[in-house]
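Scroll down for the structure; my scribbles are underneath it.
The values are calculated or read from the model by the stated rules, or taken from the named source; none is laboratory data. It should be emphasised that the depicted structure is a prediction, and the values quoted were computed from it without experimental measurement. As a convention, Cβ positions derive from the backbone with ideal geometry for all residues, glycine included, and neighbour counts pool all protein chains shown. SASA here: full protein model, heavy atoms, side chains in, ligands and nucleic acids out. Shrake-Rupley method; radii C 1.70, N 1.55, O 1.52, S 1.80 Å.
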Amino acid sequence: MNFKKILLSASILLGGLCANAQETVTEYTFFPHWYGQAQVGIQETIGEGPFGRLLSPNVQLAAGYKFNPYIGMRLNVNAWQSKACMDQYKWKWNYVAPAVDAVVDLTNVFGGFNPNRLVEVNLLAGIGLNIGFHNNEANDIAKAYQGLPAGESCLGNLWDGTKARFLMQFGCDINFNVAENWQVGLELMANNVNDNYNSKVGSNLDWYVNALVGVKYFFGPQSETVTRVIEPPVVEPQIIERVVEKIVEVPAQPAPEKKEAEVMRRDIFFKINTTAITGDELTKVAAIADFLKSHPGSKVTITGYADKGTGSLQLNLRLAAKRAEAVAQVLRTQYGISNDRMVVKSMGEAEHQPYPDPVQNRVAIAIAQEN
């Protein structure tokens, strides 16, 4: 009785299972943008009397620009009415206050950029001018104190006509995303001006607080959202060794099996209108380099693509070529792969793109195989 050792190879067929268990990652790209804002509310002068006695109407218009997810700038014009009081008297006047504010998005600073959040909180601080006018009531009341020294009447800072004063302000707002490019929100802003704003002598700065509600509209897109599939790890075929006992009358010489060439494919994705390879995608280039080094007779074909829904035909051909060359450059400089083992091509916005999702066609596909 003869014993013969037979080697059997089995491939694990998990293709369908892997397709159903694919992981995805969502990335957000911020776009600088302009916005406009309209608000109405109330104003209360601080330190003049019981809360609510000096409430005044208030309006504000603003235009802003957000440079990045964290910092922006806003030009606003606040206006309408301020009030003051003394004894049984109360008076009002009008003003217009243009100012420039720095805007810090606290939600993105502490939570990272995510345009799909419902709530946005901002810190505001700025400088400007308060231009007061129509102060007739304060001047009329001052006549009741004629004959008293200015210090005793407390109206030693009377003014008339138009008066401009330096303004400092700081506050915060909270906004809610209610529709595409639309927000509603609440703003609280403290403002201080010099001592003659309310016509009274106080030897300290005059303060008023604005509480405003309004709407904000964003011009153009604020961001781009890209969801891509994380490729599952390549499962190498397992070799199972088994001993089979068999009675053989005539030894049979099996025909030698032809070994199939090994192939590795990696898809390196790019952000819109870029050729830079990010950290996650660089690991795919490293896998291609490992394959080429472990298979000395292998070569790699790198084909660049571009999203045909973005840019012109000539632009996309150049962009796709640069993406393919970017992959080749990493293989060449970081891993020492020679040029004669690489074929670099550009398909641009070819009619038959590799993916149905336009975002995924911003890609360079590297296929390495043995000759």
Task: Residue list for the range 344-365, filter: of a type in the set (Val, Ile, Thr) and under 15 Å from residue 266 (Cα atoms) - done: 344, 363, 365
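Every residue, every condition in (1) in a strand (DSSP E or B); (2) at pLDDT below 85; (3) out of contact with any Asp or Glu (no Cβ under 6 Å at 6 or more places or on another chain), yes or no:
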{"position": "242", "(1), (2), (3)": "yes, yes, yes"}
{"position": "249", "(1), (2), (3)": "no, yes, yes"}
{"position": "252", "(1), (2), (3)": "no, yes, yes"}
{"position": "255", "(1), (2), (3)": "no, yes, yes"}
{"position": "260", "(1), (2), (3)": "no, yes, yes"}
{"position": "271", "(1), (2), (3)": "no, no, yes"}
TODO: Check residue 128 against each of (1) open to solvent by less than 70 Å² (accessible area, probe 1.4 Å); (2) under 25 Å from residue 207 (Cα atoms); (3) out of contact with any Pro (no Cβ under 7 Å at 6 or more places or on another chain); (4) modelled with pLDDT of 95 or more and name the one condition it does not meet.
DONE: (3)
Task: Within the range 192-212, considering residues that are modelled with pLDDT under 95 and of a type in the set (S, T, N, Q), the one farthest from residue 281 (Cα to Cα) - done: 199
Task: Residue list for the range 168-189, filter: of a type in the set (A, V, I, L, M), closer than 14 Å to residue 60 by Cβ and either touching a helix residue (DSSP H, G or I) at 6+ places or on another chain (Cβ under 7 Å) or without any contact (Cβ under 8 Å) to a residue 60 or more places away in the chain (or both) - done: 186, 188
TODO: Within the range 46-67, work out how many residues are closer than 15 Å to residue 188 by Cβ and polar (S, T, N, Q).
DONE: 2
TODO: Considering each residue of the range 345-371, count those that are open to solvent by less than 20 Å² (accessible area, probe 1.4 Å), in contact with a helix residue (DSSP H, G or I) (Cβ under 6 Å, 6 or more places away or on another chain) and over 19 Å from residue 290 (Cβ atoms), and give that number.
DONE: 1
Task: Failed item in (1) touching a helix residue (DSSP H, G or I) at 6+ places or on another chain (Cβ under 9 Å); (2) open to solvent by 50 Å² or more (accessible area, probe 1.4 Å); (3) part of a strand (DSSP E or B); (4) modelled with pLDDT of 90 or more, with residue 215 passing the rest - done: (1)
TODO: Would you mention how many residues in the range 306-344 are outside any helix (DSSP H, G or I), of a type outside the set (A, V, I, L, M) and either open to solvent by less than 20 Å² (accessible area, probe 1.4 Å) or touching a His at 6+ places or on another chain (Cβ under 8 Å) (or both)?
DONE: 1
Task: Selected residue [modelled with pLDDT of 95 or more and surrounded by 12 or more Cβ atoms within 10 Å (Cβ to Cβ)] from 115, 98, 69 - done: 98
- [ ] Could you run through the range 268-305 and say how many residues are open to solvent by less than 20 Å² (accessible area, probe 1.4 Å) and within 20 Å of residue 339 (Cα to Cα)?
- [x] 11
